[in-house]
1. Considering 209, 266, which residue is touching a helix residue (DSSP H, G or I) at 6+ places or on another chain (Cβ under 9 Å), of a type in the set (Lys, Arg) and open to solvent by 30 Å² or more (accessible area, probe 1.4 Å)?
2. Taking the condition exposed (fewer than 15 other Cβ atoms within 10 Å of the Cβ) and small (Gly, Ala, Ser), does residue 66 pass?
3. Identify the single condition in (1) surrounded by 24 or more Cβ atoms within 10 Å (Cβ to Cβ); (2) part of a helix (DSSP H, G or I); (3) more than 10 Å from the chain's Cα centre (by Cα) that residue 14 does not satisfy, given that it satisfies every other one.
4. Six or more apart or on different chains, Cβ atoms under 7 Å: show the pairs whose first residue is in the stretch 181-203 and more than 23 Å from residue 273 (Cα to Cα) and whose second is open to solvent by less than 40 Å² (accessible area, probe 1.4 Å) and assigned to a loop (DSSP other than H, G, I, E, B).
5. Can you tell me which of (1) without any contact (Cβ under 8 Å) to a residue 12 or more places away in the chain; (2) of a type outside the set (S, T, N, Q); (3) out of contact with any Phe, Trp or Tyr (no Cβ under 9 Å at 6 or more places or on another chain) is the one residue 78 doesn't meet?
6. Taking the stretch 56-81, which residues are within 27 Å of residue 263 (Cβ to Cβ), touching a strand residue (DSSP E or B) at 6+ places or on another chain (Cβ under 8 Å) and not hydrophobic (A, V, I, L, M, F, W, C)?
7. Restricting to the stretch 224-246, name every residue that is closer than 23 Å to residue 59 by Cα, open to solvent by less than 80 Å² (accessible area, probe 1.4 Å), under 18 Å from the mean Cα position of the chain (by Cα) and of a type outside the set (A, V, I, L, M, F, W, C).
8. Given the criteria open to solvent by less than 90 Å² (accessible area, probe 1.4 Å), more than 21 Å from residue 13 (Cα to Cα) and free of Cβ contacts under 8 Å to residues at least 12 places away in the same chain, does residue 92 qualify?
Amino acid sequence: MKKGLVLEGGAMRGLFTAGIIDVMMEHDVWPDGLIGVSAGAAFGCNMKSRQVGRAIRYNKRFARDSRYSGVRSLLTTGDYFNAQFAYHVVPHKYDMFDNQAFEENPMEFIAVCTDVETGQPVYKCLDHCNEDTYDWIRASASMPLCSRVVCLEGYKLLDGGVSDSIPLEYAERNGYERNVVILTQPLGYRKHRTRLMPLMRIGLRKYPRMVEAMDRRHLMYNRQLDYVAEAERQGRCLVIRPDGKLPIGHVSHDPEQMERVYQTGRQMGERKINEIKEILCV
């Protein structure tokens, strides 16, 4: 029986997830596969490379560094999170990503992106580690209006959360019968239609299918919440979520705020570790 870990996105709310997966690694708890969306992929890749603490470490270090992220980067490069610095310089020079450990870890790692020409999800299994691997992870986390379209292997890609925010159904279709699902919104949360649709229509005018996907994203997300709730009721998955709204926005330049969210995740991980073991280790 394959056992999986499903990580939704949420931009900097993903530091809550990072705290949980660091606790899992410290307790030597490993799924057979990890499916990450957006921040779930960007931070979850550190589980495949077995690097406890890396996600919070580099985010705090470069929180106020204009080379890493910010309006200046957006205006000069087209990406709020600087594609070259954040995804290629940092993992090679400042906070080394362990490529060898990533490749040697047998855990399957899948990043979810959205094809802007079709509005449909693209699921990329990443087992080797090279510059394209980093760009697949970047594509998964590239928020519309804040990022350039990422061109890879004939696809034009942006944020995976637009088309498959919580890919539990995908995991189950692909043989993962028992799963841990980590969400970054509290119980009772429901997504509403984005108020940025007028800007989306302008910024994504070349990609009408992507505009359609953005316009119905809230409907897709809420259906997925219902699917997850039913799977949890039937005992097919364990759902972990924060107790309340996390005190951080999509972006943050405050290291202390980042640390608080990360520690909230660690505390939740310690609370839930025995339940996680029951799903992934029994």
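The values are calculated or read from the model by the stated rules, or taken from the named source; none is laboratory data. All values reported here derive from a predicted model rather than from experimental measurement. Cβ atoms come from the backbone with ideal geometry, glycine included; neighbour counts cover every protein chain shown. The accessibility values were calculated without ligands, DNA or RNA, using every heavy atom of the protein model including side chains. Shrake-Rupley method; radii C 1.70, N 1.55, O 1.52, S 1.80 Å.
1. Values: 209 fails: touching a helix residue (DSSP H, G or I) at 6+ places or on another chain (Cβ under 9 Å).
The match here is 266.
2. Numbers: exposed (fewer than 15 other Cβ atoms within 10 Å of the Cβ): yes; small (Gly, Ala, Ser): yes.
Spelling it out, residue 66 is indeed exposed (fewer than 15 other Cβ atoms within 10 Å of the Cβ) and small (Gly, Ala, Ser).
3. Among (1) surrounded by 24 or more Cβ atoms within 10 Å (Cβ to Cβ); (2) part of a helix (DSSP H, G or I); (3) more than 10 Å from the chain's Cα centre (by Cα), residue 14 violates only (3).
4. Close Cβ pairs satisfying both conditions: 200/144; 203/144.
5. Every condition holds for residue 78 apart from (1).
6. 68, 69, 80
7. 241, 242, listed by residue number.
8. Values: open to solvent by less than 90 Å² (accessible area, probe 1.4 Å): yes; more than 21 Å from residue 13 (Cα to Cα): yes; free of Cβ contacts under 8 Å to residues at least 12 places away in the same chain: yes.
Against the criterion (open to solvent by less than 90 Å² (accessible area, probe 1.4 Å), more than 21 Å from residue 13 (Cα to Cα) and free of Cβ contacts under 8 Å to residues at least 12 places away in the same chain), residue 92 qualifies.
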